[in-house]
Amino acid sequence: MKTSSYRSRNIIAGFTLIELLVVIAIIAILAAILFPVFAKVREKARQTSCASNLKQIGLAITQYVQDNDEIYPAIRPRNVVVNGALQDPACWQVIVQPYIKSAGVFKCPDVSSTQFVNGSNNTIPVSYEASHGGFKSSNQFGGPGPMGLTAQAWSSDMDNPAALAQVDSPAQVILVGEHRGRQDPEFWDDTNDLLFVDHTQQTNFLFCDGHVKTLRPTATVVPVNMWNVTNAGPNGIQNLLADIQANHMP
């Protein structure tokens with residue numbers, strides 16, 4: 001009797017198969033609920049990091065403008081000396097980078113491709129591109145953007161960089177925006193080039209007054225067209241941005 005009682009006290013009760021399956025099912029349900037939340041939190045962190053990059057780029061452009069008789073940078077400046085070598089043409093990132101120092105500021109955390117701007121000797125990544133207003137003949141953006149082609153224009157169909165005084169509402173005019181998959185430093189007016197970075201169906205934009213805002217592409221044209229210095233338009237860009245938002249930012 002004593003031996004039997006001793007053995008019974010050492011028997012360990014285990015989980016039944018049904019109990020194990022219930023626990024596994026609960027864990028699976030919790031994972032299905034939490035993983036999307038974690039993904040959104042991670043994406044929000046990337047969006048915030050990207051907005052910080054744009055803020056620093058805005059400060060650099062502001063300093064450049066003050067040193068350049070209150071004229072915005074050209075998106076393709078000519079005859080620029082970079083590290084002792086003449087670049088013709090260069091890109092606007094090259095001439096504002098000295099005000100930033102770190103080339104990493106030009107890299108959005110959500111852009112996986114490794115492209116570099118012209119004239120930077122593979123040091124300045126391509127993630128952020130300037131708003132220049134497109135071609136005069138098509139006028140899809142409603143008018144010239146802040147950063148024109150160049151002071152020595154490559155094409156008579158494009159505008160020169162604007163002066164600060166030409167921007168009617170600096171808080172409502174896009175200066176630089178996020179971009180993916182293109183090496184040129186400007187926004188063109190077609191769906192192949194207007195490919196915005198997708199931060200949960202939104203993208204970051206830097207405005208002429210220096211603030212950064214996260215918007216859906218269609219919100220940049222209605223009720224105010226933010227793509228030219230006088231907010232005129234929207235002309236053909238409204239349908240274009242709606243198509244991009246629907247087909248390229250799922």
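A few notes on this one:
- D_trans [Stokes-Einstein, Kirkwood Rh over alpha-carbon pairs] for segment 38-112, 37 °C, 0.692 mPa s, µm² s⁻¹: 239
- Leu175 long-range amide H proximity, modeled H, under 5 Å: Leu206, Phe207, Cys208
- Each residue of segment 79-96 was assigned a 3J(HN,Hα) from its phi angle through the Karplus expression (A = 6.51, B = -1.76, C = 1.60, θ = phi - 60°), giving 6, 9, 8, 10, 6, x, 10, 7, 10, 8, x, 10, 10, 4, 4, 5, 7, 9 Hz with x at Gly and Pro.
- Under 21 Å of direct C-alpha separation, and excluding same-chain neighbours fewer than eight residues apart, Lys44 reaches these lysines: Lys55, Lys107, Lys213.
- Amide H within-cut-off set for Gln140, under 5 Å, with H built and near neighbours excluded: Phe135
- For Met147, the amide hydrogen comes within under 5 Å of the amide hydrogens of Ser131, Ala162, counting only partners 5 or more places away or on other chains and with H modelled in the peptide plane.
- Residue order, fewest to most beta carbons within 10 Å, for Ile75, Ile95: Ile95, Ile75
- Per-residue ³J(HN,Hα) for segment 64-72, Karplus 6.51 cos²θ - 1.76 cosθ + 1.60, θ = phi - 60°, Hz, x for Gly and Pro: 4, 4, 5, 7, 10, 6, 6, 10, 5
- Annotation note: trypsin sites (Lys or Arg not before Pro) in segment 42-92 located in DSSP loop regions with a Cβ neighbour count of at most 14 within 10 Å are absent.
- Neighbour-count order for Met158, Met147, fewest beta carbons within 10 angstrom listed first: Met158, Met147
- Backbone HN-Hα couplings from phi across segment 128-140 [Karplus 6.51/-1.76/1.60, Hz, Gly and Pro as x]: 10, 10, 7, 9, 10, x, x, 7, 4, 5, 7, 6, 5
The numbers here are math on the coordinates, done by the rules we state, and not lab data. On a predicted model such as this, the values are computed, not experimentally measured, just so you know. Quick reminder, even Gly has a Cβ in these numbers, built from the backbone with ideal geometry, and neighbours come from all protein chains shown.
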